[in-house]
Amino acid sequence: MDIQRFTQESIRQKQVNKAFYEKLKREKPKLLDNYFHSAHKDTFESTDCLTCANCCKTTSPLFTQHDIDRLAKALKMKPSQFFSTYLKVDEDGDYVLKSSPCPFLGADNYCSVYADRPSACREYPHTNRKRMVQILDITFRNTLVCPAVLNITEKLKKLL
């Protein structure tokens with residue numbers, strides 16, 4: 001799905017998906033994990049994130065101190081220099097990128113710091129983690145960012 005069509009579809013489905021995610025909060029956590037993990041596995045068997053990279057183009061991961069230290073070392077910078085060059089503190093007190101798209105995203109959608117990328121990037125879109133019930137609000141918001149999450153959501157709606 002091209003990104004423009006995805007954006008239109010995700011916005012069109014926004015209210016329905018919001019209600020669906022509220023319904024998911026009432027599911028048994030273990031069953032919910034199983035549903036998500038199955039849909040995640042199925043979706044990512046045919047998904048190539050390099051054709052999209054919308055997450056890297058539109059949002060920022062949260063950076064932990066460990067992420068900052070690891071990236072600063074990889075870029076041969078001091079952590080304070082890495083912070084002042086790339087990061088800011090958001091309204092929630094989290095370390096995030098100053099701007100988007102991500103400064104490490106290449107024109108070919110490859111990440112120039114892939115081996116040292118933040119944990120949040122490694123785990124994105126978080127649809128295969130345990131205790132999905134804890135992150136349903138974030139997962140709903142990701143239906144507006146990630147075509148794979150929208151696809152997973154559609155699979156779950158058919159299943160439930």
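The values are calculated or read from the model by the stated rules, or taken from the named source; none is laboratory data. What you see is a predicted model; the values in this text were computed from it and never measured. Cβ sites come from the backbone with ideal geometry, for glycine too, and all protein chains shown count toward neighbours.
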Only one of (1) within 23 Å of Ser99 (Cα to Cα); (2) assigned to a helix (DSSP H, G or I) does not apply to His40, and that is (1)
Hey, can you tell me all the residues within region 41-54 that are more than 15 Å from Glu123 (Cβ to Cβ) and in contact (Cβ under 8 Å) with a residue 60 or more places away in the chain? Lys41, Asp42, Thr43, Thr47, Leu50, Cys52, Asn54
Given the condition surrounded by fewer than 16 Cβ atoms within 10 Å (Cβ to Cβ) and farther than 24 Å from Lys155 by Cα, answer yes or no: does some residue in region 41-56 qualify? no
Pair list, Cβ < 7 Å and 6+ apart or interchain, from region 136-160 residues that are over 14 Å from Cys49 (Cβ atoms) to residues that are of a type in the set (S, T, N, Q) and assigned to a loop (DSSP other than H, G, I, E, B): Thr139/Thr127; Thr153/Thr143
With the structure loaded, tell me whether Ser119 is within 27 Å of Ile152 (Cβ to Cβ), polar (S, T, N, Q), at pLDDT 95 or above and not assigned by TED's automatic domain parsing to the domain that holds Val149 or whether it fails that test. yes
Cβ pairs under 7 Å, 6+ apart or interchain, first in region 55-73 and part of a loop (DSSP other than H, G, I, E, B), second acidic (Asp, Glu), ordered by first then second residue, are Leu62/Asp94
Considering only residues of region 99-128 that are without any contact (Cβ under 8 Å) to a residue 40 or more places away in the chain and farther than 18 Å from Asp67 by Cα, which is farthest from the chain's Cα centre (by Cα)? Ala107
Selection over region 79-137 where residues are among the small types (Gly, Ala, Ser), closer than 30 Å to Lys25 by Cα and in a helix (DSSP H, G or I) yields a count of 2
Pick out the one residue from Lys28, Lys76 that is modelled with pLDDT of 95 or more and under 19 Å from Arg129 (Cα atoms). Lys28
